[in-house]
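Structure first, commentary second.
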Amino acid sequence: MQTEMKAFLRRHGLLAGFGLFLLGVALSADAFLTPGNIFDVLRQVSITGVMAVGVTFVVITGRLDLSVGSLLTLLTVIVVDQHNVAGPGLAIVITLAAGVAVGMFNGVLVGLVGLNALIVTLAMLSFLQGLVLFYSGGSNVNVQNAQTTWFGVFGRGDILGVPVPALIFLITAAIAAFVLARTIFGRQVFAVGGNETASRFSGIAAPWTVFWAYALSGLTTAIAAIIMGSRVMGAQNTIGQGYELTVLAGVILGGTSLLGGSGSIWRTVLGITMLGFIQNGLLLLGFPYYVQWLVTWAVIILAVWIDLGAKRGRILA
């Protein structure tokens, strides 16, 4: 009985704890589970959620991408600035291309050259933040003619009462889940993360698999930047600061192993959504904003501890 209980807690402990948290907040804050608040949370988590979809591919390969926060800042500044220069359509194309280009550059350094992912993406984080200041001249940018442009639909629009950002998040996750679960590339991602040496002997081009995983991370961050720019109708030079930790926390909370080889897009969606409702619940209960960062730290530590415990259990078994 104790063994079964331990197995249940290892697999579903975080989800059970989240359920208890939802119940506690719902009893204390009447507005928590109202449709309006639920849709607000879904609108808020769509940005980190779309980013987390791409980062999930990277983490499953056994790597990290800590540059997505600064990349989000750069791409949001680009899409807003280019909206004013070239119009919303071309601005979106430029932003998507820039995101993929940065992701590919990370992929070259980590996948093809073989440098350490943590060092490369930390360095890229610093480089991109400097590039933001160089590009913008240190000034914030705002969308011109914000009341008449169709660009606002991506961040502020609704379809049948459902926020457009949440729909973009869902569609992105569905496509990524199909790629990860139903394509050769998806199986290669799992193989590289599970045992890279064995994957090489199996004929898998592991460096290129890592390369394309980082390219996907850059693409999804670009999509998130479009949502962010559309929602705020502007961009500050620090608008994406700290997002990399929130994204990573959601991915880990969803059960994707930092050791690589296991994970799921839909579990990442669940992890990001759980984190969004936890943060929203804390605010409704009157806790200061900084408590969210403490909770995010605790979530990362707890999720990693559970993951390592599960891995060690399988190894010892």
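The values are calculated or read from the model by the stated rules, or taken from the named source; none is laboratory data. Here the structure is a predicted model, which is why all the values come from computation and not from measurement. In this analysis, Cβ positions are derived from the backbone assuming ideal geometry, glycine residues included, and neighbour counts consider all displayed protein chains. Quick note on the areas: whole protein, heavy atoms, side chains included, nothing else; ligands and nucleic acids left out. Shrake-Rupley method; radii C 1.70, N 1.55, O 1.52, S 1.80 Å.
Here are a few things to note about the model shown:
- Single unsatisfied condition, residue 87 versus (1) touching a Pro at 6+ places or on another chain (Cβ under 6 Å); (2) on the phi > 0 side of the Ramachandran plot: (1)
- Checked against the criterion of being closer than 20 Å to residue 94 by Cβ, part of a helix (DSSP H, G or I) and open to solvent by 10 Å² or more (accessible area, probe 1.4 Å), the candidates 227, 223 yield just one match: 223.
- Within the range 254-285, the set of residues being of a type in the set (Phe, Trp, Tyr) and modelled with pLDDT of 90 or more comprises just one member, 266.
- Among the residues of the range 17-29, those identified as of a type in the set (A, V, I, L, M, F, W, C) and over 23 Å from the mean Cα position of the chain (by Cα) are 20, 23, 25, 26, 27, 29.
- Selection from the range 84-122 of residues that are out of contact with any Leu (no Cβ under 9 Å at 6 or more places or on another chain) and within 21 Å of residue 151 (Cα to Cα): 84, 85, 86, 87, 88, 89, 90, 91, 92, 93, 94, 97
- Matching entry among 295, 251 (being under 24 Å from residue 33 (Cβ atoms) and modelled with pLDDT of 75 or more): 295
- In the range 197-215, the residues that are assigned to a helix (DSSP H, G or I) and open to solvent by 50 Å² or more (accessible area, probe 1.4 Å): 197, 200, 201, 208, 212
- Of all residues in the range 60-104, those that are buried (at least 24 other Cβ atoms within 10 Å of the Cβ) and under 30 Å from residue 199 (Cα atoms) total 9.
- Within the range 253-270, the set of residues being under 9 Å from residue 303 (Cβ atoms) and open to solvent by less than 10 Å² (accessible area, probe 1.4 Å) comprises 254 only.
- Against the list (1) at pLDDT below 80; (2) open to solvent by 30 Å² or more (accessible area, probe 1.4 Å); (3) in contact with a helix residue (DSSP H, G or I) (Cβ under 8 Å, 6 or more places away or on another chain), the condition residue 13 fails is (2).
- Every residue from the range 271-290 that is free of Cβ contacts under 8 Å to residues at least 60 places away in the same chain and either surrounded by 14 or more Cβ atoms within 10 Å (Cβ to Cβ) or within 15 Å of residue 38 (Cβ to Cβ) (or both): 279, 282, 283, 287
- Within the range 135-153, being assigned to a helix (DSSP H, G or I) and within 16 Å of residue 82 (Cα to Cα) holds for 135, 136, 150, 151, 152.
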